[in-house]
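The values are calculated or read from the model by the stated rules, or taken from the named source; none is laboratory data. In this text, all values refer to a predicted model and were calculated from it rather than measured experimentally. For neighbour counting, all protein chains shown are included, and Cβ atoms are generated from backbone atoms with ideal geometry for every residue, glycine included. Heads up: the accessible areas ignore ligands, DNA and RNA and are worked out on the full protein's heavy atoms, side chains in. Shrake-Rupley method; radii C 1.70, N 1.55, O 1.52, S 1.80 Å.
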Amino acid sequence: GISVCAYPGREVDPAAAERARAACSSGLCADVESKSDATFESLFPSDCWIFGDALEHLRDPWGLLVRMRKRLQPGALVIACIPNAQHWSVQARLNSREFRYEDKGLLDRTHLRWFTRITIMDLFTSTGYTIIHGAARIAEEPERNIVLPSIRAMAIAMGTDPQVAVNDAVPVQYVVKATPA
């Protein structure tokens, strides 16, 4: 049989919502966090929610994931791409007094939340999800090799595993696929 799919786009930024209208089956400029229960309920049933660089922009991503979890059917998916606040470049900027917000990227001034590999796992498990797949997005960044030995040394000084510290400093983002637990 033929199945019918709809790809609605929800975006708080008007320009991005307009692009969603062109690329999705529908596009709505709205703040999903502030939707009334009745309006939020109209977003369901949904088989899959995709948060492409979005959860870090929310006031309460934990609350939204819990609110969604109550309405998702078993087997539904939540896919999220989340910047890594533990990235080597952020650590280097913190240590060189160059931590400044920017128009885009890891230090995007519109980020309200910061996540690491561990806190991403906590975000999903604490809100009732099981992570069924996770992947690190790693960019080609030869300059990181200058900073990684310092991250290793800092981990040793703090009594933590230096290889884990280095491994967690390399990904620019993490992609997570989760399902209601």
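Leu112 meets the conditions (1) in contact with a strand residue (DSSP E or B) (Cβ under 7 Å, 6 or more places away or on another chain); (2) under 19 Å from Trp62 (Cα atoms) in every case but one. The failed one is (1).
Count of the range 82-121 residues, restricted to those that are among the aliphatic types (A, V, I, L, M), open to solvent by 70 Å² or more (accessible area, probe 1.4 Å) and part of a helix (DSSP H, G or I), is 3.
Filtering the range 36-76 to residues that are part of a strand (DSSP E or B) and open to solvent by less than 20 Å² (accessible area, probe 1.4 Å) leaves only Phe51. Can you confirm whether Ile79 is open to solvent by 70 Å² or more (accessible area, probe 1.4 Å) and closer than 28 Å to Ala139 by Cα? It is false that Ile79 is open to solvent by 70 Å² or more (accessible area, probe 1.4 Å) and closer than 28 Å to Ala139 by Cα.
So, in the range 141-181, of the ones that are of a type outside the set (Val, Ile, Thr), in contact with a strand residue (DSSP E or B) (Cβ under 6 Å, 6 or more places away or on another chain) and in a loop (DSSP other than H, G, I, E, B), which residue ends up least open to solvent (accessible area, probe 1.4 Å)? By that ranking, first place goes to Pro171. Could you tell me whether any residue of the range 64-84 is among the small types (Gly, Ala, Ser), closer than 30 Å to Ile151 by Cβ and out of contact with any His (no Cβ under 6 Å at 6 or more places or on another chain)? Yes, the range 64-84 has at least one match.
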